[in-house]
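What follows is one structure encoded as structure tokens, with my remarks underneath.
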Amino acid sequence: MSNKIIGGLYRQTMDKRKDAVKSFSGMSDEEIEAIYSMTSLSRDLADRMIENVIGAIQVPVGVATNFVINGEEKLIPMAIEEPSVVAAASNAARMARPHGGFHAQATRPIMIGQVQVVGVQDPYAAAQRVLSESQKILEICNSTNPTLVKVGGGAIDLDTRVIETIRGKMVLVELEVDCRDAMGANTVNTMAETIAPLIESLTGGRVRLRIITNLAVKRLARSWAIFDREMLGGEDVVEGILDAYAFAEADPYRCTTHNKGIMNGITAVALATGNDTRAIEAGAHSYAARDGRYRSLTKYSKDSNGNLVGSIELPIAAGILGGATSTHPAAKAAIRLLQVKTAQELAGIMASVGLAQNLAALRALAAEGINKGHMKLHARNLAMLAGATPDILDEVLKRLGSEHRVTYDKVAEIVKEIKSIRNS
């Protein structure tokens, strides 16, 4: 992989961007074409992926630049429809470069499967009986996927809980499964279903649900970075970011949008790589509220030199094998672009992008306001919405470049003026 930063992609044509990305990543013609062609998902393949297929909807895939993660240059594929997100992540990554970029890690890829048991007469004793047979239960689980066991994964532990519900006490049997490089839902669900008869015989109750939980508290991804004070805009901007962070920590209304910004980055990478965006989103927001109060997934402070130090921790159940990641040509190409070899590495990258996205949003809020950059990038969409045809679009955007505020009314006014001049 090249160790040179790729700059100015936004000024290039799509052809030249494709060539730059291909040169940087070492991707083959076929791999880069899977993303570039915008036609990689055939009707036959789509029809096999989900039910009742009638077509597909395309989402742009952009490339975030400037990222250094664990000492390696990375280009980050991001699938998202919202303007400014890719640019913001790239800008934040640039501000982390002078201090070594992002330092990411992920825990062992352990997912939890839950077996719900109802109608148990002696729930606490029943839970103990299950624990006494834990080794046998784990062996049965691992018999369902010997390949996973061979590569170092499989069911590794189990626990039990008794919970109070509006329907009375229930016994929960919770499996811990190392899913290696897969997200793991199918594997964990199969194991939970397979042990159900034994669980019923041990507890004397009836098994109802047997399913994975997306609150993957044992599959955490973390990243931290130092963002340069001067590149951020100076001491006052740093203080403004810290005040914005404190606001999010204290108020769930602000924190919801704060964490949404984090997920702008993480979800975009998840979608580009064919991962389950809904599972990752649900897990992240549940983790943010794990102590009963909804909190920020990021933390910020200052170092001794006044630079901003940011960190992030959240569950990310992302895989590089299975599902759309292994079947969708564009998703496979995105994994190739990232040069990742394990699901843990991918999770660390996602966490880093989430941190960068959050920092960029906080800086915009603290410095010039979120709309300034966002609306400039949104100007093209507004122009087309206001009726700008391809032959006048560049002129409209040029006129908008000198405007302090970009609003739909202003865009419509400029479009009308230019059309009037052209038609006179």
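Results for (1) buried (at least 19 other Cβ atoms within 10 Å of the Cβ); (2) not polar (S, T, N, Q), shown as yes or no for each residue.
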| residue | (1), (2) |
| --- | --- |
| S42 | no, no |
| M49 | no, yes |
| N52 | no, no |
| P77 | yes, yes |
| S90 | yes, no |
| A104 | yes, yes |
| M111 | yes, yes |
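Every residue, every condition in (1) touching a residue at least 60 places away in the same chain (Cβ under 8 Å); (2) crowded, with 20+ Cβ neighbours inside 10 Å; (3) more than 30 Å from K22 (Cβ to Cβ); (4) aliphatic (A, V, I, L, M), yes or no:
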position: G101; (1), (2), (3), (4): yes, yes, no, no
position: T107; (1), (2), (3), (4): yes, no, yes, no
position: V117; (1), (2), (3), (4): yes, yes, yes, yes
position: V120; (1), (2), (3), (4): yes, yes, yes, yes
position: T165; (1), (2), (3), (4): no, no, yes, no
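Would you confirm whether any residue within the range 98-114 is over 28 Å from the mean Cα position of the chain (by Cα) and within 13 Å of I199 (Cβ to Cβ)?
Going residue by residue through the range 98-114, those that are over 28 Å from the mean Cα position of the chain (by Cα) are none.
No, because not a single residue in the range 98-114 is over 28 Å from the mean Cα position of the chain (by Cα) and within 13 Å of I199 (Cβ to Cβ).
Among what's in the range 397-412 and is without any contact (Cβ under 8 Å) to a residue 24 or more places away in the chain and surrounded by 14 or more Cβ atoms within 10 Å (Cβ to Cβ), pick the residue that is nearest to the chain's Cα centre (by Cα).
The extreme case among them is L397.
E30 is checked against (1) in a loop (DSSP other than H, G, I, E, B); (2) farther than 26 Å from N264 by Cβ; (3) not β-branched (V, I, T) and fails just one. What number does that condition carry?
Unmet for E30, out of (1) in a loop (DSSP other than H, G, I, E, B); (2) farther than 26 Å from N264 by Cβ; (3) not β-branched (V, I, T): (1).
Is it fair to say T256 is of a type in the set (S, T, Y), touching a helix residue (DSSP H, G or I) at 6+ places or on another chain (Cβ under 9 Å), in a helix (DSSP H, G or I) and farther than 28 Å from H99 by Cα? Walk me through how you get there before you give the answer.
Working: of a type in the set (S, T, Y): yes; touching a helix residue (DSSP H, G or I) at 6+ places or on another chain (Cβ under 9 Å): yes; in a helix (DSSP H, G or I): yes; farther than 28 Å from H99 by Cα: yes.
Judged against the criteria, T256 is a match.
What are the pairs with Cβ atoms under 7 angstrom where one residue, in the range 331-360, is over 25 Å from G152 (Cα atoms) and the other, located anywhere, is in a helix (DSSP H, G or I) and among the acidic types (D, E)? Sequence gap at least six, or different chains.
These pairs meet every condition: A333/E31.
If we scan the range 399-419, do we find a residue that is of a type in the set (K, R), within 21 Å of P83 (Cβ to Cβ) and in a loop (DSSP other than H, G, I, E, B)? Let's see the steps before the verdict.
So in the range 399-419, the residues of a type in the set (K, R) come out as 399, 405, 410, 416, 419.
Those left that are additionally within 21 Å of P83 (Cβ to Cβ): 399, 405, 410.
Filter again for in a loop (DSSP other than H, G, I, E, B), leaving 405.
Yes.
How many residues, within the range 338-389, are modelled with pLDDT under 80 and either of a type in the set (D, E, K, R) or under 14 Å from the mean Cα position of the chain (by Cα) (or both)?
4
Of the residues L158, L138, which single one is of a type outside the set (S, T, N, Q) and surrounded by fewer than 21 Cβ atoms within 10 Å (Cβ to Cβ)?
Within the list L158, L138, the selection yields L138.
How many residues does the range 28-45 contain that are within 23 Å of the chain's Cα centre (by Cα) and either touching a residue at least 24 places away in the same chain (Cβ under 8 Å) or farther than 27 Å from A89 by Cβ (or both)? Working first, answer last.
We begin by selecting, within the range 28-45, every residue within 23 Å of the chain's Cα centre (by Cα); these are 31-32, 34-36, 38, 40-41.
This time we only want the ones that are either touching a residue at least 24 places away in the same chain (Cβ under 8 Å) or farther than 27 Å from A89 by Cβ (or both), so: 31-32, 34-35, 40-41.
Going through the range 28-45 one residue at a time, the tally reaches 6.
Return the pairs, sorted by first residue and then second, in which the second residue is among the acidic types (D, E) and modelled with pLDDT of 95 or more, the first residue lies in the range 250-279 and is closer than 22 Å to G184 by Cα and buried (at least 24 other Cβ atoms within 10 Å of the Cβ), the beta carbons are less than 8 Å apart, and the residues are 6+ apart or on different chains.
T267/E281; A270/D276
The values are calculated or read from the model by the stated rules, or taken from the named source; none is laboratory data. For clarity, every value in this text was computed on a predicted model and none was experimentally measured. Positions of Cβ are backbone-derived with ideal geometry, glycine not excepted, and every protein chain shown enters the neighbour counts.
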